[in-house]
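K.L.:
Got a structure for you, questions after.
The values are calculated or read from the model by the stated rules, or taken from the named source; none is laboratory data. None of these values were measured; they are calculated from a predicted model. Cβ placement follows ideal geometry from the backbone for every residue including glycine, while neighbour counts extend to all protein chains displayed.
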Amino acid sequence: MDATHDTAALLAHAGWVRGLARALVHDAGEADDLTQETFVRALESGPRDSSAWRAWLGRVLRNTHAERQRASAR
């Protein structure tokens, strides 16, 4: 898939990703940060199966959130 299609796929799921981020952190600013970091990771390497964007993005977002929690606990 080329970059144009990757971007279109990300934008199609933007609202869902931000909603999931808000549900995880309950803070608009932190949710925006999680969403942005998820999108950066998605642009660096997206899912192998182009029909799996939502599941892949959800996993990346949850992993990013967990990494941030571990870092702040240290």
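K.L.:
Name the pairs: first residue in the range 16-27 and over 20 Å from Ser72 (Cα atoms) and modelled with pLDDT of 95 or more, second residue of a type in the set (Val, Ile, Thr) and assigned to a helix (DSSP H, G or I), Cβ to Cβ under 7 Å, at least 6 apart or on different chains?
P.N.:
Every condition considered, the pairs that remain are Val17/Thr35; Val17/Thr38; Arg18/Thr35.
K.L.:
Restricting the search to the range 41-63, which residues are touching a residue at least 24 places away in the same chain (Cβ under 8 Å), more than 19 Å from His26 (Cα to Cα) and not basic (Lys, Arg)?
P.N.:
Listed by number, the residues that qualify are Ala42, Leu43, Gly46, Ser50, Trp53.
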